[in-house]
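Data first, discussion second: the structure below is written as structure tokens.
The values are calculated or read from the model by the stated rules, or taken from the named source; none is laboratory data. Keep in mind the model is a prediction, meaning the values are calculated, not measured. Reconstructed Cβ throughout: ideal geometry from the backbone, glycine too, with neighbour counts over all protein chains shown. Just the protein is used for accessible areas: all its heavy atoms, side chains included, with ligands, DNA and RNA removed. Shrake-Rupley method; radii C 1.70, N 1.55, O 1.52, S 1.80 Å.
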Amino acid sequence: MQATADVSKKESSWSGWKGQAIDLLYWRNVKQSGAVFSSVLLLLFSLTQFSVVSVGAYLALAALSATISFRIYKSVLQAVQKTDEGHPFKSYLEMEITLSQDQISKYADKILLYSNTCVKELRRLFLVQDLVDSLKFAVLMWLLTYVGALFNGLTLLILAVVSMFTMPVVYEKHQAQIDQYVGLIRTHVNSVVGKIQAKIPGAKRKEE
């Protein structure tokens, strides 16, 4: 019974974190979203100038300097005022952060499912189970060679972060227009794929 209650509590906590992440991406709290967005961008831009080891070490030193200074400040303040408030980070130190066996098993099962699905899909594409799908995958890889020539991994990561913090808001404000254009593009792509299938003997269109 206790184990079930713990699992329910942790799942509720996970739902809370998920809700907070959505609020960040949709800029429900402008100050909070701006702080997270600028911090992540600063970290990524730092990685473009310095090594991962250096950036990690400096971040650790900055965090330690802040926590140690605050700990000493609170200790001195308690000694001067003769209060007994305890450790300033007590609530965080007592916070439960361990994963239960059930949660580990659940996440491991999901990772295994995604891994198996990915391997099967790659096998299907590379061994040309469906000629049209393999051709589309080849075109995608060919386009990625041009993307790789223009941008490195960190640049793409920076663009991904910028998109994460801008696209949800843009879509929320212009959902009707975006859905309309996406529908037109999807119709055009399906039309082109249908024409390719008609010209390739033995090609089967994958049913959606």
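For V189, indicate whether it is among the β-branched types (V, I, T), assigned to a helix (DSSP H, G or I) and under 26 Å from L25 (Cβ atoms). No. Residues in segment 59-86 that are open to solvent by 70 Å² or more (accessible area, probe 1.4 Å) and in contact (Cβ under 8 Å) with a residue 12 or more places away in the chain: 3 in all.
Going through S134, S100, S163 one at a time, which residue ends up being surrounded by 10 or more Cβ atoms within 10 Å (Cβ to Cβ), touching a residue at least 24 places away in the same chain (Cβ under 8 Å) and small (G, A, S)?
Every option except S100 fails the conditions.
Restricting to segment 12-34, count the residues that are open to solvent by 50 Å² or more (accessible area, probe 1.4 Å) and of a type outside the set (F, W, Y). Matching residues across segment 12-34 total 12. Note on segment 90-107: residues that are of a type in the set (S, T, Y) and within 30 Å of S75 (Cβ to Cβ) amount to 3. In segment 68-182, counting only helices (runs of 4 or more DSSP H) that sit wholly within it, the ones holding 3 or more residues that are within 30 Å of L25 (Cα to Cα) and charged (D, E, K, R) span 101-126.
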